[in-house]
Amino acid sequence: EESYACWLQYRKITDPTLVEKLTSSLSNLIVLDQSERLTAAIDELTTAIQSMLEVKPVTLTELGEENGVVLATEESLKLNNIELEYDVSELTVEGYVIKSAHNNIYLIGKTDKGVLYAAFHLLRLVQGNEPLTNLNIIEQPKNRLRMINQWDNMDGSIERGYAGKSIFFEENKITSNLARIKDYARLLSSVGINSVSINNVNVFEVPTRLITEEFLPEVKNVADIFRSYGITTFLSINYASPIQIGHLHTADPLAPEVQEFWKDVANEIYKYVPDFGGFIVKADSEHRPGPFTYDRDHAEGANVLAKALKPHGGIVIWRCFVYNCLQDWRDRTTDRARAAYDNFKPLDGKFLDNVILQVKNGPMDFQVREAVSPLLGAMPNTNQVLEFQVTQEYTGQQKDLCYLVPLWKEVFDFDTHARGEGTTIKKITEGSVFDYSHSGVAAVSNIGNDENWTGNTLAQANFYGYGRLIWNPDLSAEEIALEWIEATFGNDPKVVETVSKMLLQSWEIYENYTTPLGIGWMVNPNHHYGVNVDGYEYSVWGTYHFADLNGLGVDRTVATGTGYTNQYFSPNSEMYESLETCPDDLLLFFHHVPYTHQLKTGKTVIQHFYNTHFEGVEQVEGLIESWIKLEGKIDKIRFANVLERLQLQLINAKEWRDQFNTYFFRKSGIADEKNRKIY
Ligand code: BDP
């Protein structure tokens, strides 16, 4: 049960003084309007208060003698002639105020969505042991689109899923277990996620038909649940739908019959889901169909969909993960890192205003560390959203611990210099740099139908952290970790301190025993778990390390390499171009250097490899020791789950250490200066 509840534990509060205080503030819920979202807020508060205080709060519909928590939109506050001192003139539609006044706690939203967010915020305060006196909180999300992408297939499997099967689909049907979807909606809404796409971006046969009458009645049921939690539903579509379900001879975006087809599809969808969000599209990528087949560019490709959705208020989210996955490895003049920019930059300004380009955080593919995508910020006249990967495809697959918030924060804080100094990624996604009509962040989900949703209980921190961070990219990785730990495991200082240390070190640890200095990959092909140094070295996918007897790294300079550094604005382009100024942690991403190249720490590259790999394993041993000390302080199921995962992590880390070190010892012939055991 604790596993399932994630951070919405609502643990029983035992301190009698606290119980008394909280009971006097929380035992009445006074709700001044009616809506599905307010009902959701009342339900959540009722469940939580009952579980924490063992009193069932009373719901009232008008203010009278009784004091309590007042839930109201701004409008209903006015209608009820309630005067409070606060200024919401600056608030967006999703903003809210939490205010203590007249012996009440007011949860006021610009709309009912804000009230719902305020309710979750209030519960977060209670779970975090914060006093509920003199509250005066004004909050609103910094990013407008805050989205999660499911990569769920209709047969129930999940692409890059590490936590069981889909909660949405089974046996090529939409699930009948809507209760679990509702619980998912609660978790999403509690961290402020406002959009979800429910099927994989790789749309094969059956899911192609999700946009037809065959499935729309059930899509509607799912969308109805999400709507009451403030979440808009999207679908991934197959670009060849006009052929596959429309029985046309073409999917050419400029063909009139194709345009008609998409209009009809949109009209049909909106009959069932009146606030349908729109389409996610992976086109001309990894064997998915797209406009290239018809010699059309991606703007022409996206705009036909945008036109069809426009009258209904829908949007097209068009992914920029477009590259040649069939390149000839012997012709190593091409560079996959260049692809998104080369494909999309020339099209700036050609997309309709309800198209958003979705750009992965790095130019390759969610490696443990890569440079920030130069496409972000490079298209002032085209809406963009940033894409993260919460599911740990390349970062330990929810066996290994890897808290990703610090990685995402580095991306948000990266200064693109697109409009001079201070043009950080977070300002771009927040929409304050360019005049975007849509912007924000999307990410691939890490949940499945495992009891604890994320396989590894500690991976719940990535789900939580993603939502909280994109709500406010200025929160620190530590603050988010603390919030999550207290809500998930309680306030025991030993637990809080230990788990927070474990989380905050974990990305560095993972990087230490896998691929340091920005080189990336070296994983087993296809499933991408575990070490295989040359796994992709002679393959078509374009992901190379170029190790030989002298050195390694990808030369992406203008002077002697692929010219990729030129895709950045100055002074980033010069910084990466020069070996002197390129930061060490991305050295091998940008440069091919000898094993004896000296890092800024004074160590050589090869010695750094040996050191980090030995250290990484020791650090994982340290994680296990720390966790074991929490035995008895955490319920048995979650304790055992994490311990089992950490033990798998140790096996993985040792394999990485031994294969990696041996490989580079044999290639380079250079011994470890500390003489540790290399096979
Ligand atoms: C890669 C995954 C692949 C996805 C692809 C994508 O390996 O399964 O389909 O990204 O983003 O990370 O479309």
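The values are calculated or read from the model by the stated rules, or taken from the named source; none is laboratory data. Since the model is a prediction, treat every value here as computed from it, not as a measurement. Using ideal geometry, Cβ is built from the backbone for each residue, glycine included, and neighbour counts are taken over all protein chains shown. All accessible areas refer to the heavy atoms of the entire protein, side chains included, with ligands and DNA or RNA removed. Shrake-Rupley method; radii C 1.70, N 1.55, O 1.52, S 1.80 Å.
Here are the numbers for the structure shown:
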item	result
ARG336, sole failed condition from (1) within 26 Å of the chain's Cα centre (by Cα); (2) open to solvent by 20 Å² or more (accessible area, probe 1.4 Å); (3) not acidic (Asp, Glu)	(2)
Flag if PRO253 is touching an Asp or Glu at 6+ places or on another chain (Cβ under 6 Å) and away from the ligand (no atom under 16 Å from the Cβ)	yes
Qualifying residue in the range 426-449 (condition: surrounded by 24 or more Cβ atoms within 10 Å (Cβ to Cβ), in a loop (DSSP other than H, G, I, E, B) and away from the ligand (no atom under 16 Å from the Cβ))	yes
Checklist (1) at pLDDT 95 or above; (2) surrounded by fewer than 19 Cβ atoms within 10 Å (Cβ to Cβ) applied to PRO131, failing item	(1)
Identity of the residue in the range 371-381, within 24 Å of the chain's Cα centre (by Cα) and not hydrophobic (A, V, I, L, M, F, W, C), that ends up nearest to the ligand (Cβ to nearest atom)	SER373
Options GLU300, GLU286: the member that is more than 11 Å from the ligand (Cβ to nearest atom), out of contact with any strand residue (DSSP E or B) (no Cβ under 6 Å at 6 or more places or on another chain) and not hydroxyl-bearing (Ser, Thr, Tyr)	GLU300
Any chance VAL58 is β-branched (Val, Ile, Thr) and open to solvent by 30 Å² or more (accessible area, probe 1.4 Å)	yes
Residue satisfying all of: in the range 289-304; in a loop (DSSP other than H, G, I, E, B) and farther than 30 Å from TYR536 by Cβ; least open to solvent (accessible area, probe 1.4 Å) among these	ARG296
Output for the range 339-353, where each listed residue is touching a helix residue (DSSP H, G or I) at 6+ places or on another chain (Cβ under 8 Å) and crowded, with 21+ Cβ neighbours inside 10 Å	TYR341, PHE344, PHE351
Qualifying positions in the range 618-656 - outside any helix (DSSP H, G or I) and open to solvent by less than 70 Å² (accessible area, probe 1.4 Å)	LEU630, ILE634, ASP635
Qualifying residue in the range 505-517 (condition: in a loop (DSSP other than H, G, I, E, B), within 16 Å of the ligand (Cβ to nearest atom) and open to solvent by 10 Å² or more (accessible area, probe 1.4 Å))	no
Subset of the range 270-283 (residues that are more than 14 Å from the ligand (Cβ to nearest atom) and not in a strand (DSSP E or B))	TYR270, LYS271, TYR272, VAL273, PRO274, ASP275, PHE276, GLY277
Answer from GLY230, GLY246 - the residue that is away from the ligand (no atom under 16 Å from the Cβ) and surrounded by fewer than 21 Cβ atoms within 10 Å (Cβ to Cβ)	GLY246
Subset of the range 390-406 (residues that are surrounded by fewer than 24 Cβ atoms within 10 Å (Cβ to Cβ) and not in a loop (DSSP other than H, G, I, E, B))	PRO406
Residue list for the range 126-146, filter: over 24 Å from the mean Cα position of the chain (by Cα) and either more than 24 Å from ARG11 (Cβ to Cβ) or hydrophobic (A, V, I, L, M, F, W, C) (or both)	VAL126, LEU132, ASN134, LEU135, ASN136, ILE137, ILE138
Residue satisfying all of: in the range 305-326; more than 16 Å from the ligand (Cβ to nearest atom) and assigned to a loop (DSSP other than H, G, I, E, B); surrounded by the most Cβ atoms within 10 Å (Cβ to Cβ) among these	GLY314
Test: residue in the range 69-92 that is at pLDDT 95 or above, assigned to a loop (DSSP other than H, G, I, E, B) and touching a helix residue (DSSP H, G or I) at 6+ places or on another chain (Cβ under 9 Å)	no
The one condition in (1) assigned to a loop (DSSP other than H, G, I, E, B); (2) crowded, with 24+ Cβ neighbours inside 10 Å; (3) of a type outside the set (Phe, Trp, Tyr); (4) within 16 Å of the ligand (Cβ to nearest atom) that LEU386 fails to fulfil	(1)
Residue match in the range 360-370 (condition: more than 14 Å from the ligand (Cβ to nearest atom), at pLDDT 95 or above, more than 16 Å from the chain's Cα centre (by Cα) and surrounded by fewer than 24 Cβ atoms within 10 Å (Cβ to Cβ))	no
Hits in the range 530-548 - residues which are hydrophobic (A, V, I, L, M, F, W, C), under 19 Å from HIS592 (Cα atoms) and open to solvent by 50 Å² or more (accessible area, probe 1.4 Å)	PHE546
Any chance SER373 is within 21 Å of ASP584 (Cα to Cα), in contact with a Phe, Trp or Tyr (Cβ under 9 Å, 6 or more places away or on another chain) and crowded, with 24+ Cβ neighbours inside 10 Å	yes
Single residue of ASP353, ASP331 found to be part of a loop (DSSP other than H, G, I, E, B) and at pLDDT below 95	ASP331
